[in-house]
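Contents: one structure, followed by commentary.
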């Protein structure tokens with residue numbers, strides 16, 4: 001994962017290099033998020049890609065604890081343990 | 001090269017969450033069905049491995065979305081807001097073929113098309129949605145559906161049911177019938193009943209809605225029943241299986257629905273019949289005797305034909321409901337698994353989400369969510385996660401969820417169709 005992150009940082013957005021697998025594999029559950037968080041939805045379902053991973057992790061943990069009010073994310077985050085949340089946040093952070 | 005790069009970039013922009021991995025995977029993947037599952041899997045395959053040749057086969061030129069079509073029936077939304085085409089999927093780098101798939105040869109690995117050359121594939125993904133199983137309901141047929149619309153595939157049927165409600169005099173009786181599980185969109189009949197009740201309450205208040213049900217329990221049941229008691233007392237009557245709600249036959253000529261205990265006369269009848277996987281699933285040999293398609297919960301590969309994957313409503317996906325969001329989530333997991341397999345790698349254990357909003361009245365939304373993982377070969381609810389909106393939520397949360405429902409529709413349609 002560290003190597004993948006390192007390589008990702010070197011590749012310019014929009015380019016791709018045939019034959020070189022540089023992107024992180026989506027951790028379990030991560031690919032579902034874009035069903036709502038496409039950035040096209042508005043009304044609170046904000047874009048969550050390219051954000052600082054520790055900020056994303058803190059937000060999801062605040063949904064879990066109830067510190068941050070939610071209608072639905074509080075129900076979804078309970079399907080993941082804290083390490084799984086961190087892995088999803090790290091992956092989202094490097095998505096465009 | 002430059003063309004491929006441009007396409008890959010556009011695809012990446014249009015579908016931001018799919019890793020823009022330049023996988024070495026090569027091969028031909030054919031997808032049949034241009035709904036939420038098929039459009040999503042085609043785009044995810046191309047975005048994840050631009051070297052794949054991805055072809056999407058869909059018979060219709062446009063896709064008319066079922067989510068929010070209940071709003072159209074109740075006069076709250078124009079049908080135009082439901083219509084999508086596959087040009088965005090084409091712009092994302094997928095070859096779109098508008099043709100009816102008439103057969104699949106799983107040994108030769110070919111798909112035959114009506115009036116078009118046969119397609120060869122290395123992997124085939126079926127996302128055919130549902131077919132109405134009219135034979136399971138005596139008296140019901142395509143002709144009967146012109147009198148007693150199902151409106152369970154959005155489009156002309158949606159508009160027919162709306163027109164019948166508009167033409168019905170005040171004081172009329174609307175009868176709906178809901179099927180036994182499994183069927184497309186578990187909370188759909190109850191959202192529809194809510195919004196028809198809203199239409200009657202505001203436009204034809206002396207009318208009545210009777211919902212005949214082949215079940216004793218349904219999705220978001222307590223939330224719906226709480227809302228019905230508050231909003232539609234005396235107007236909406238739910239008749240459970242135990243109370244004789246199962247419709248055993250219909251008679252369109254006399255506008256009656258027969259249950260075990262009763263013959264119910266209707267001024268408007270909305271018959272939601274039993275369903276099964278879209279016809280191509282049986283032709284491809286991936287449907288079992290239930291009419292649905294057993295799949296591996298990690299790859300969505302058919303348990304009957306391993307080079308054919310089945311996603312969306314047609315698949316037997318354990319605890320996952322037959323919903324647009326589930327089809328989209330399955331599409332992305334299936335695409336990643338196909339790319340890994342073509343790369344010679346083994347896919348890891350996935351986790352999948354579902355989110356689903358229902359409107360019970362304008363400004364009054366409720367939701368259900370789920371998180372699923374394979375347990376002993378079956379997609380299973382993760383304990384403690386997911387579930388319905390709280391029963392004791394204040395009105396501002398119901399209003400917020402009505403707004404989130406609309407945002408959900410914009411998001412999921414942008415994700416699937418671009």
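For region B:322-348, taking the residues that are in contact with a strand residue (DSSP E or B) (Cβ under 7 Å, 6 or more places away or on another chain) and more than 22 Å from residue B:130 (Cβ to Cβ), the one that is modelled with the highest pLDDT is identified as B:338. Among strands (runs of 3 or more DSSP E) entirely within region B:96-139, having at least 1 residues that are within 25 Å of the chain's Cα centre (by Cα) singles out B:101-105, B:110-113, B:123-126, B:130-132.
In a residue-by-residue description of region B:396-406, the property of being at the interface with another protein chain (Cβ under 8 Å from one of its Cβ atoms), closer than 17 Å to residue A:31 by Cα and modelled with pLDDT of 95 or more applies to no position.
Of the residues making up region B:315-338, none is part of a loop (DSSP other than H, G, I, E, B) and more than 18 Å from the chain's Cα centre (by Cα). Of B:223, B:231, B:211, B:236, all but one fail to be surrounded by fewer than 21 Cβ atoms within 10 Å (Cβ to Cβ), at pLDDT 95 or above and in contact with a strand residue (DSSP E or B) (Cβ under 9 Å, 6 or more places away or on another chain); the exception is B:231. Quick one: which strands (runs of 3 or more DSSP E) sit completely within region B:21-89 and have at least 1 residues that are within 14 Å of chain A (Cβ to nearest Cβ) and over 17 Å from the mean Cα position of the chain (by Cα)? Correct list: B:52-58.
Tallying residues that are under 27 Å from residue B:357 (Cα atoms) and in a helix (DSSP H, G or I) within region A:49-73 yields 11.
The residues of region A:74-96 that are crowded, with 22+ Cβ neighbours inside 10 Å, assigned to a helix (DSSP H, G or I) and at the interface with chain B (Cβ under 10 Å from one of its Cβ atoms), listed by number, are A:75, A:76, A:77, A:88, A:91, A:92.
For every residue, the table says whether it meets (1) surrounded by fewer than 17 Cβ atoms within 10 Å (Cβ to Cβ); (2) touching a residue at least 40 places away in the same chain (Cβ under 8 Å).
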site	(1), (2)
B:359	no, yes
B:366	no, yes
B:375	yes, no
B:379	no, yes
B:382	no, no
B:402	no, yes
B:412	no, yes
B:417	no, yes
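To keep it simple, each residue is scored yes or no on (1) under 30 Å from residue B:88 (Cβ atoms); (2) assigned to a strand (DSSP E or B); (3) touching a helix residue (DSSP H, G or I) at 6+ places or on another chain (Cβ under 6 Å).
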{"site": "B:369", "(1), (2), (3)": "yes, yes, yes"}
{"site": "B:393", "(1), (2), (3)": "no, no, no"}
{"site": "B:403", "(1), (2), (3)": "yes, no, no"}
{"site": "B:407", "(1), (2), (3)": "yes, no, no"}
{"site": "B:413", "(1), (2), (3)": "yes, no, no"}
{"site": "B:416", "(1), (2), (3)": "yes, no, yes"}
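Looking at residue B:304, is it without any contact (Cβ under 8 Å) to a residue 24 or more places away in the chain, more than 20 Å from residue A:38 (Cβ to Cβ), out of contact with any helix residue (DSSP H, G or I) (no Cβ under 6 Å at 6 or more places or on another chain) and not assigned by TED's automatic domain parsing to the domain that holds residue B:180? It is true that residue B:304 is without any contact (Cβ under 8 Å) to a residue 24 or more places away in the chain, more than 20 Å from residue A:38 (Cβ to Cβ), out of contact with any helix residue (DSSP H, G or I) (no Cβ under 6 Å at 6 or more places or on another chain) and not assigned by TED's automatic domain parsing to the domain that holds residue B:180.
Here residue B:316 fits the description: outside the structural domain of residue B:152 (by TED's automatic domain parsing), surrounded by fewer than 22 Cβ atoms within 10 Å (Cβ to Cβ) and touching a strand residue (DSSP E or B) at 6+ places or on another chain (Cβ under 9 Å).
Each residue in region B:336-351 was checked for being touching a helix residue (DSSP H, G or I) at 6+ places or on another chain (Cβ under 6 Å) and free of Cβ contacts under 8 Å to residues at least 24 places away in the same chain, and 0 pass. Inspect region B:119-128 for any residue being out of contact with any strand residue (DSSP E or B) (no Cβ under 7 Å at 6 or more places or on another chain) and surrounded by fewer than 19 Cβ atoms within 10 Å (Cβ to Cβ) and give the result as yes or no. No, there is no match, as no residue in region B:119-128 is out of contact with any strand residue (DSSP E or B) (no Cβ under 7 Å at 6 or more places or on another chain) and surrounded by fewer than 19 Cβ atoms within 10 Å (Cβ to Cβ).
The values are calculated or read from the model by the stated rules, or taken from the named source; none is laboratory data. Fair warning: this is a prediction, and the values are worked out from it, not measured in the lab. Cβ sites come from the backbone with ideal geometry, for glycine too, and all protein chains shown count toward neighbours.
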